[in-house]
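Here is the structure we will look at.
The values are calculated or read from the model by the stated rules, or taken from the named source; none is laboratory data. All values reported here derive from a predicted model rather than from experimental measurement. Note that each Cβ is placed from the backbone with ideal geometry, even for glycine, and that neighbours are counted across all protein chains shown.
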């Protein structure tokens with residue numbers, strides 16, 4: 001399997017492009033580079049049935065499942081729509097990420 005460059009980082013606001021949650025937005029809580037997947041808060045939720053243990057009472061929990069990185073796009077800081085990620089080298093030599101649509105830097 002070829003290694004894909006992950007341009008989406010933890011803490012980014014993203015828009016879901018395809019699937020049952022198309023159009024929803026959320027913050028990336030975890031990035032899984034080995035599987036090229038991300039976990040987005042409030043998106044791709046599933047029910048998990050848990051047995052009771054001494055620590056927890058058990059029951060049905062709602063958890064967020066991973067979504068492939070190709071199915072999400074960064075949310076543009078200016079317009080709020082989906083955008084691609086580009087890179088720009090500043091005058092001091094540091095490299096920063098920019099939104100391709102608006103040209104805004106991504107913090």
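Can you find a residue in region 45-59 that is exposed (fewer than 12 other Cβ atoms within 10 Å of the Cβ) and within 14 Å of residue 14 (Cα to Cα)? No, that holds for no residue. Looking at region 1-17 only, could you name the residues that are modelled with pLDDT of 95 or more and over 10 Å from the mean Cα position of the chain (by Cα)? Answer for region 1-17, where residues must be modelled with pLDDT of 95 or more and over 10 Å from the mean Cα position of the chain (by Cα): just 17. For region 67-99, filtering for residues that are in a strand (DSSP E or B), surrounded by 11 or more Cβ atoms within 10 Å (Cβ to Cβ) and free of Cβ contacts under 8 Å to residues at least 40 places away in the same chain leaves 7. Residues of region 33-77 that are in contact with a helix residue (DSSP H, G or I) (Cβ under 7 Å, 6 or more places away or on another chain) and on the phi < 0 side of the Ramachandran plot: 37, 38. In the condition set (1) under 26 Å from residue 104 (Cα atoms); (2) modelled with pLDDT of 95 or more, residue 45 is compliant with all but (1).
Against the numbered list (1) at pLDDT 95 or above; (2) part of a loop (DSSP other than H, G, I, E, B), residue 56 comes up short only at (1). The single condition among (1) assigned to a loop (DSSP other than H, G, I, E, B); (2) touching a strand residue (DSSP E or B) at 6+ places or on another chain (Cβ under 8 Å); (3) farther than 27 Å from residue 44 by Cβ that residue 103 does not satisfy is (2).
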